[in-house]
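One structure below.
The values are calculated or read from the model by the stated rules, or taken from the named source; none is laboratory data. Since we're looking at a predicted model, the values are computed, not measured. Virtual Cβ from ideal backbone geometry, glycine too; neighbours counted across all protein chains shown.
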Amino acid sequence: MLIAHLSDLHLGFTPDRDAMIAQRLGELREIAPHHLVITGDLSQAGRSEQFTAVRELLRQNCFYDPARLTLIPGNHDLFTFFFKDFHAGSDLYAKWHRLPRTARQLYRYGWQEYEADLARFHTAFSEAFQGIITLNESGSISYPFIRILDGRTALIALESNRLLPQIRANAACSNGLVDLASAERILAHPALENRRKIVLLHHPLLPEQLVAARMGKLYASMTRIRNREEFIGLLNRSGVDLVLHGHYHHHEEYHIGEGIPVLNSGEIEHWHLIDSDEEGVRITSRE
């Protein structure tokens, strides 16, 4: 089972970036992995036209099929009221003067708005969620969910953007939080027995002080996952084999906890290939 991992496409950011995304998907079509995983921020601002453009690129390159595609939202796909101002080639962290304009919406944002944003994302990519296993007896799309790839490999998708009931303490709509209770339940699901467990989330699991040393304290504080230590403990106890994420725009492999490998494919210039077979998991960095 050959799995390609991309993240943080940010389609709609600039025309040059959009062209690069199209090029990358074309290259992946030539490589022909069995499955493509995208761990969030498919769009720059969660606009319907951006979702449509991503969907069409996936379709054109033969990935828009639940047998070949698993995706999860990133913060840019959800919090449109905030990210609509951050486009045209300038980094959002350099645009603090625009934050007051969104302060009222940020203060009022709660579960109803979050669920509406998730619903927009799910509607835009509805076909890609067919065949998932959830904890919801109704069978509707919900997180976490499982995608069985074959007899030995399964994907476990988590939603790490749910920093609620209100996100006003999360001024750039970019911190993360994992619902540990539901994550623990899904990681114990009978469907995962005797399968390799590959966990997907949007946010990084690097220590905040390491990101601060690289990018500065402000960036690190704005991109962290708030219950990192507890979550890593759960991954250790659950026998997770691999974690895939993006959000932090970097390309790397690192390890957490008791040696769990983690792949960050947060740069569109690079991606990872994961080969899972009877002999184990082999990871290749591509560019």
Notebook entry, point to check: So is residue 157 of a type outside the set (S, T, N, Q) and either touching a helix residue (DSSP H, G or I) at 6+ places or on another chain (Cβ under 7 Å) or surrounded by fewer than 23 Cβ atoms within 10 Å (Cβ to Cβ) (or both) or not?
Noted result: no
Margin query: With at pLDDT 95 or above and under 26 Å from residue 243 (Cβ atoms) as the only criterion, which of 78, 6 stands out?
Written below: 6
Check: Counting only residues that are of a type outside the set (A, V, I, L, M) and over 15 Å from residue 8 (Cβ atoms), which one in segment 203-219 is surrounded by the fewest Cβ atoms within 10 Å (Cβ to Cβ)?
Finding: 209
Checklist line | Within segment 124-160, tally of residues that are among the acidic types (Asp, Glu) and more than 22 Å from residue 114 (Cα to Cα) | finding: 1
Next item on the list: Return the pairs, sorted by first residue and then second, in which the second residue is of a type in the set (Gly, Ala, Ser) and in a loop (DSSP other than H, G, I, E, B), the first residue lies in segment 21-45 and is in contact (Cβ under 8 Å) with a residue 40 or more places away in the chain and closer than 22 Å to residue 157 by Cα, the beta carbons are less than 6 Å apart, and the residues are 6+ apart or on different chains.
Entry: 39/7; 39/246; 40/74; 40/246; 41/74; 44/12
Checklist line | Residue that is nearest to the chain's Cα centre (by Cα), among those in segment 220-275 that are crowded, with 16+ Cβ neighbours inside 10 Å and in a helix (DSSP H, G or I) | finding: 223
Margin query: Residue pairs, Cβ under 9 Å, 6 or more apart or interchain, first in segment 264-287 and among the aromatic types (Phe, Trp, Tyr), second assigned to a strand (DSSP E or B). List them.
Written below: 271/4; 271/5; 271/6; 271/251; 271/265; 271/285; 271/286
